[in-house]
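Enquirer: Take a look at the following structure, please.
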Amino acid sequence: MNNERSEYGFFWFLENYSYCWHKNGEKMVSPNFTIDELEGTIWNLRLYPRGMRDDDEGHISLFLYRSKQDDGPENVSIKYELSFRAADGSAHCHGEIEHEFKRGEGYGYSKFLKMDKILLRRKSDYLPDDILTVRCKIWKGEGNIQNIGQSSARSRIRVERNSFLHVVENFSTLQSNAKQTIKIQSHSKKGCFISSSLYFTEGLCCKEKITIEIVPSNANQILCKCEFSLLDRFGNVIKCGVTDNRYDAVKKVFINCPCLLQGRQF
């Protein structure tokens, strides 16, 4: 009688996770990992940052998939556990699952965890250094644990950072809602740019506000985080604010600043 539990562990580290741009239905796929001791089967993880289906929106979906081609038998029965690891070593998981996997099949959770728990409420716990750690544990049998292997992989979401100076001529004579626009070329993508528009709008009690509008040229570009400042005639920095849209993955950014200037003069 076999009293051993053959167990394999796979860790997937997703760097810059809070900048994930994926829309509902779009997935991230881990590199494949092969478990020779489990009949040469090949596996990967699939994570949907904003849910796999429409009714999963607001949740992270997470699945274990078997490769369409490997050296294993047509059907493989395993037990597995998927979890997100926190900085203190604790884990969020839904317990063990047992499934028979055919080649090309996957199982898991369409509503593994709410997005806001990772990105907002417990960001410091689950995203230390902005890295999400996903663990997959696969085993067969029961009894004493025999570790048959462990592997890990890293995926990095590329983040492009741009800074620019938007100089507005004849600032003091600008008319309300008359946009002053410049274009800033992307460092990494040819033909892609963002446009920066500055204009005045009237707020409450006829007080003017400076509105800054940032729009990407490519519909697939997402603006995640923007910091805005004004410079006076002496080069002193007046901070206007920060927009952080990583949770929503929006395409356009607006910020309104109170007009701190006497007659628009620096």
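Enquirer: Rank these for me by crowding, CYS240, CYS20, going from fewest to most other beta carbons within 10 Å. Don't skip to the end; give the middle numbers.
Expert: Working: CYS240 16, CYS20 22.
Placing the least packed residue first, the sequence is CYS240, CYS20.
Enquirer: Quick check on my link table: of LYS23/LYS111; LYS117/LYS239; LYS102/LYS137; LYS117/LYS137; LYS123/LYS209; LYS23/LYS79, which ones sit more than 25 Å apart, alpha carbon to alpha carbon?
Expert: Details: LYS23/LYS111 15 Å; LYS117/LYS239 30 Å; LYS102/LYS137 18 Å; LYS117/LYS137 23 Å; LYS123/LYS209 33 Å; LYS23/LYS79 30 Å.
The answer is LYS117/LYS239; LYS123/LYS209; LYS23/LYS79.
Enquirer: Taking R0 as 41 Å, what FRET efficiency do you get between GLU202 and LEU120 from their Cβ-Cβ distance, rounded to the nearest 0.05?
Expert: Working: r = 34 Å, r/R0 = 0.82.
With R0 = 41 Å, the Cβ-Cβ based efficiency is 0.75.
Enquirer: Using the crude model of +1 on Lys and Arg Cβ and -1 on Asp and Glu Cβ, and no other charge, please compute the dipole size for region 4-156 relative to its Cα centre, in debye to 20.
Expert: On the way: 23 positive and 25 negative charges, 120 e Å.
Approximately 580 debye in magnitude.
No lab work stands behind these numbers, since they all come straight from the coordinates. As the structure is a prediction and not an experimental result, all values here were calculated from the model. Every residue, glycine among them, receives a Cβ derived from its backbone with ideal geometry; neighbour counts consider all protein chains shown.
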